[in-house]
Amino acid sequence: MQSRVPLTRYLIEKQRKQQCIDDDLRLLIEVVARACKAISAYVSKGELGNILGSTNSTNVQGEVQKKLDILSNEILLDATEWGGHLAGLASEEMEKPYSIPKEYPRGKYLLLFDPLDGSSNIDVNISVGTIFSVLQHTGDNQEVDEGSFLQPGYKQVMAGYTLYGPSTQMMLTLGDGVDAFTLHKEHGTFMLTERGVKIPEETQEYAINMSYQRHWYPPMTRYVQELLAGETGPRGKNFNMRWVASMVADVHRLLTRGGVFIYPRDQRDPSAKGRLRLMYEANPMSFIVEQAGGMSTNGLQRMMDIQPEELHERVAVFMGSKKEIEVVTRYHQEYAAQQSD
């Protein structure tokens, strides 16, 4: 049996043979991976590590921060600020971008991350994860500000996430497909365990929070009612619902066996564009999903074509198996056209 390829060798081969990354991006990915290993170690300690529970602080979204939210954010900052690969960072847990301290060299990349997605689940021992992506800094040594990060998702040069579950797994795309890695805890190394992850075009699973059904707009209600009707309904087949309330876990499931993940906008706040963060969650996951053969929209347009207007912008999310996302997106487009007449 061929031995597993460690992440470092994988990245060097990507650089040497395919020339799809440079030294700085390769080293940045390795640094992020090391930070994720450190977060994995803390997550696995649970109550023994005295890191469960909430703090007395809130993040920029007004959400009460978990101890592990803050710790994970600090781990990623400490790991990446000094290496010379980055011009700046932005985190879901910080109101403003983080510029590289002047005592460190400045690189040409921008790192965005959600340090601990699904952290509300950590106290009940359900899988959580870290989402990250990289953009190029186009400012030519200019100071990094919020505008530096406001680039549409198609400009991402890399995206990935790490899932802290029974095993720690990392999904990674450099724009040429999606590959999966598993942390070998004894060796302390991420090992390549699957090349070319693909999402089936068709599915019979969907992930959505049904508790908000009464607040949905008509196209969302129409779509889910068709799924619930099963083989006797217009879709002609039965569907199963799954919902973890951790985007990383829900998207990981659809990457490994197909499905759709939906978090629509609803009528609780008609002015809101959605719930999830475009820059830290929707864009990185959309890049991964598309590279795996899936589809991702905000219900009306391709997710990665959206021009961000602010760092912590929220959006509706529809992603997963292509044929299902085409259907639910069409329903929303038709409804929007009717409303504009």
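The values are calculated or read from the model by the stated rules, or taken from the named source; none is laboratory data. Predicted model only: the values in this text are computed from it and were never measured. Here the Cβ positions follow ideal geometry from the backbone for every residue, glycine too, while neighbour counts run over all protein chains shown.
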For the range 40-59, state whether one or more residues are modelled with pLDDT of 95 or more and among the charged types (D, E, K, R).
-> no
In the range 188-213, the residues that are over 18 Å from Y331 (Cβ atoms), without any contact (Cβ under 8 Å) to a residue 40 or more places away in the chain and of a type outside the set (S, T, N, Q) | E194, R195, G196
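One line per residue, one yes/no per condition, for (1) assigned to a helix (DSSP H, G or I); (2) in contact with a Phe, Trp or Tyr (Cβ under 8 Å, 6 or more places away or on another chain); (3) not β-branched (V, I, T):
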| residue | (1), (2), (3) |
| --- | --- |
| M170 | no, yes, yes |
| T182 | no, yes, no |
| R214 | yes, no, yes |
| D250 | yes, yes, yes |
| L255 | yes, no, yes |
| R265 | no, yes, yes |
Only one of A159, A180 is closer than 23 Å to T8 by Cα, modelled with pLDDT of 95 or more and in contact with a Pro (Cβ under 8 Å, 6 or more places away or on another chain), namely A159
Filtering the range 91-134 down to residues that are polar (S, T, N, Q) and on the phi > 0 side of the Ramachandran plot yields N125
Please indicate, with yes or no, whether at least one residue in the range 223-231 is in a helix (DSSP H, G or I), modelled with pLDDT of 95 or more, of a type in the set (D, E) and closer than 14 Å to I288 by Cβ.
-> no
Can you find even one residue in the range 183-190 that is more than 23 Å from Y263 (Cα to Cα), surrounded by 24 or more Cβ atoms within 10 Å (Cβ to Cβ) and in contact with a helix residue (DSSP H, G or I) (Cβ under 6 Å, 6 or more places away or on another chain)?
-> yes
Of all residues in the range 23-49 being charged (D, E, K, R) and under 23 Å from the mean Cα position of the chain (by Cα), the one that is farthest from T193 (Cα to Cα) = D24
Here are Q136, Q156, Q151: which of them is surrounded by fewer than 18 Cβ atoms within 10 Å (Cβ to Cβ) and polar (S, T, N, Q)?
-> Q136
Look through I131, I126 and report the one residue that is closer than 21 Å to L68 by Cα and modelled with pLDDT of 95 or more.
-> I131
Check on V134, over 20 Å from I75 (Cβ atoms), among the hydrophobic types (A, V, I, L, M, F, W, C), within 21 Å of the chain's Cα centre (by Cα) and outside the structural domain of N283 (by TED's automatic domain parsing) = no
Matching residues, the range 9-37, being under 16 Å from T162 (Cβ atoms) and not aromatic (F, W, Y) = L11, L28, I29, E30, V31, V32, A33, R34, A35, C36, K37
How many of the residues making up the range 224-276 are basic (K, R), within 26 Å of V178 (Cβ to Cβ) and out of contact with any strand residue (DSSP E or B) (no Cβ under 6 Å at 6 or more places or on another chain)?
-> 2
What are the residue pairs meeting all of these: first residue in the range 312-341, first residue under 30 Å from P97 (Cα atoms), second residue part of a helix (DSSP H, G or I) and of a type in the set (G, A, S), Cβ atoms under 6 Å, and 6 or more apart or on different chains?
-> V315/A282; V317/A282
Answer yes or no as to whether D145 is assigned by TED's automatic domain parsing to the domain that holds I21, in contact (Cβ under 8 Å) with a residue 40 or more places away in the chain and out of contact with any Ser or Thr (no Cβ under 8 Å at 6 or more places or on another chain).
-> yes
Mind checking which residues of the range 106-149 are part of a helix (DSSP H, G or I) and of a type in the set (A, V, I, L, M)?
-> I122, V124
